[in-house]
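The values are calculated or read from the model by the stated rules, or taken from the named source; none is laboratory data. Only a predicted model underlies this, so the values are computations on that prediction, with no experimental measurement involved. No Cβ is skipped: glycine too gets one built from the backbone with ideal geometry, and neighbour counts run over all protein chains shown. With ligands, DNA and RNA removed, areas are computed over all heavy atoms of the protein, side chains included. Shrake-Rupley method; radii C 1.70, N 1.55, O 1.52, S 1.80 Å.
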Amino acid sequence: MHGLPPAAVERLTRAKRSGVFTSLLSAPSAAGIKAVGLEPVGEVMGCVVLSVASRYQLTTNYGYNPGTFATPYLQALNTGYNTALERLRAEAGALGADGVVDIRLSLRSLGQAEEFLAMGTAVRARSTTRPKSLFTTDLSGSDVAKLMLAGWVPLQVEWAGAANAIYTGIATQSQTSFYAGNIEVDSYTRLVNRVRAEARTRFHEMVRKAGAEGGIVSQLALSTWEPGEQVVAALAYVYGTAIAKFHRGTATPASTLTIMPLRRQGE
Amino acid sequence: MTTVDGIPEDAMRRLAEMKPGQKTSLFTSDLSVNEFLLVREAGFRPLGMVLGSSIYHVGFQFGRWSKNQELEVLSNAMYHARELAMTRMEAEADVLGADGIVGVRLDIEFKEFGSDLAEFIAVGTAVKADEPGQWRNNTGKPFTSDLSGQDFWTLVQAGYAPLGMVMGTCVYHVAHQRFWQAMSNVGQNVEIPQFTEALYDARELAMSRMQAEAEALHAEGIVGVQLLSLPHRWGGHTTEFFAIGTAVKPLRADHTIAKPQLVLPLVD
């Protein structure tokens, strides 16, 4: 079934037979999704263990374009997260769900390999129409409820990454030396701005391709490292949910009630 | 639990009618769902996430370590690098034709490349008002605000508009005590006046610089001020005092808001 490991298939058949639903949602999230007509079907998971090329291993000879130094690592992350999400979707599909909410992505090192894990709660809508494909979101159940009450529906999670690397030359050395004084380091600034811009552009393109009207970014991360002598690499990724509008009219029909919670300051 | 009629049906119909690749007016936003909805309700449309960044080499400060003093080289570095990041973020928002930037976060990250290198980054969400109006500030730039979407909504409800983020910084060195002075204090509860004075001076410098920026924007006041002591990586005697807030102007004469309902939340 959908290329899932035997243990997962067995869990799915058991879940279908028993009729008991499981969920990873917190109490407010569970109450939230019910309010917008979504029923939890079961907790779903997607996992893959990949052997990942070391970030410090220079796979290319010097003299080649340094921009490719970080590419194997980026590809590993991309494959890992997307495979985990695909397997999560396959599980949810097998349960007859319409979507998965509250998806958490995590990455754990197992020494020689990395485990990519996606966990979420599959839900089914109380409706006669079925979506074209499963919707997925990393937003919590309460957030999904608030969005749907305001006329927006989550479409799918998107993970977009970009990586690049540069050789640092004399200019960088003089700008980072002890006597340089207060000065912006041009090469590093350009590098991190380039990878962040690229990751954001890819995210934007993915959201556009999905046909959504908006993207809610939940994480924008950047890491930098030195894979070798005078080589600096940077990797940035954007993670979030594409959302689509279903209310008619231009304004979002939110009706906020101003309330004052009765609890102590800072809670 | 009551379901709001039609919501799951309408939502699923939208997902069934999804046409990937069709042209839509698209935004990305760094806001949480609460903030996104409140910013919409306040009459603003998110245009996109905007960002500015600078990797900066912080110079070395020569000084007399037995004296309370501001470390001007470090103060200038911290200010200039933040200014670079903010200006780049504002330039991105300008390209999008924004009226302002909300939910701005200013972060400093020291990098693996060396102890004197830090990345200064400013991230926020560019917004445009549904009703055209005088939202930009007196420098012709989009307004900036580090207020959350919730605070931004409340501010606009109360008849104020943000003008810009204002900040002041002061990196201060607190003098090392002389040996005999330190010895005479051992085992006693006494105030160490030179430390007290140093901290007063440093905070005062940071706050007055922030205030000067607000005056330059012709602000009525500053809200959401944070006064932070950031030790960074300079050891126990050198601290950055950083004051940051949002300068505001009045939109109308009265500033009353609807009386809020009191609730007892059933969450931790």
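Relative to the dominant Cα principal axis of chain A, helix A:71-94 is inclined by about 10°.
Its Cα centre serving as origin, chain B has a Cβ charge dipole (Lys and Arg +1, Asp and Glu -1) of approximately 240 debye. Remark on B:ASN137: its backbone amide H falls under 5 Å from those of B:PHE143, a criterion applied only to residues 5 or more positions apart or on other chains, H modelled at 1.01 Å from N. Each of A:LEU191, A:PRO66, A:ALA210 was placed along the dipole of region A:66-210 (beta-carbon charges, centred on the mean Cα), and the one lying farthest toward the positive end is A:ALA210. Counting only alpha carbon atoms, the long axis of helix B:7-16 and the longest principal axis of chain B meet at about 90°.
What the phi angles of region A:206-222 give under the Karplus curve with 6.51, -1.76 and 1.60, with θ = phi - 60°, is a coupling list of 5, 5, 5, 4, 5, x, 8, 9, x, x, 9, 7, 9, 8, 10, 10, 9 Hz, glycine and proline written as x.
Less than 5 angstrom separates the built amide H of B:GLY48 from those of B:THR28, B:ALA126, all sequence-distant by 5 or more or on a different chain. Altogether, the Stokes-Einstein calculation at 37 °C and 0.692 mPa s, with the Kirkwood radius of region B:170-223 over Cα pairs as Rh, returns a diffusion coefficient of 239 µm²/s.
Using a probe of 1.4 angstrom and keeping all protein chains present, the accessible surface of chain A works out to 46 square angstrom per residue. On the protein assembly as shown, 54 percent of the accessible area sits on carbon and sulfur atoms, based on a 1.4 Å probe. Using the Stokes-Einstein relation with a Kirkwood hydrodynamic radius computed over Cα pairs, the translational diffusion coefficient of region A:53-194 at 10 °C and a viscosity of 1.306 mPa s comes to 84 µm²/s.
Against the compact-protein benchmark of 2.2 N^0.38 Å, the Cα-based radius of gyration of chain B scales to 1.27.
In the full protein context, chain B carries 49 Å² of accessible surface per residue, based on a 1.4 Å probe and ignoring ligands, DNA and RNA. Along the axis of the charge dipole computed for region B:36-101 (Cβ charges of +1 for Lys and Arg, -1 for Asp and Glu, origin at the Cα centre), the listed residues B:LEU84, B:GLY97, B:VAL58 are led at the positive end by B:VAL58. In chain B, the calculated helix contribution to ellipticity at 222 nm averages -10000 deg cm²/dmol per residue, counting -39,500 (n - 2.57) for every DSSP H run with n ≥ 4.
What is the ratio of the Cα radius of gyration of the protein assembly as shown to 2.2 N^0.38 Å, with N the residue count, to two decimals? The reported ratio for this selection is 1.10.
So what's the angle, to the nearest 10 degrees on a 0 to 90 scale, between helix B:193-216 and the longest Cα principal axis of chain B? Helix B:193-216 sits roughly 40 degrees off the main axis of chain B. Ellipticity at 222 nm from helices only: DSSP H runs of n ≥ 4 in chain A, each -39500 (n - 2.57), divided by the residue count, give -10500 deg cm²/dmol.
Chains A and B together bury some 6300 Å² of accessible area, summed over both sides, with a 1.4 Å probe. For the protein assembly as shown, the residue among B:VAL225, A:GLY46, B:PRO8 whose Cα projects farthest onto the positive side of the dipole built from Cβ charges is B:PRO8. Taking only the Cα atoms of region A:43-128, the ratio Rg/Rh comes out at 1.17, with Rh defined as the Kirkwood radius.
A simple charge model with +1 on the Cβ of Lys and Arg, -1 on the Cβ of Asp and Glu and nothing else charged puts the dipole of chain A at about 980 debye relative to its Cα centre.
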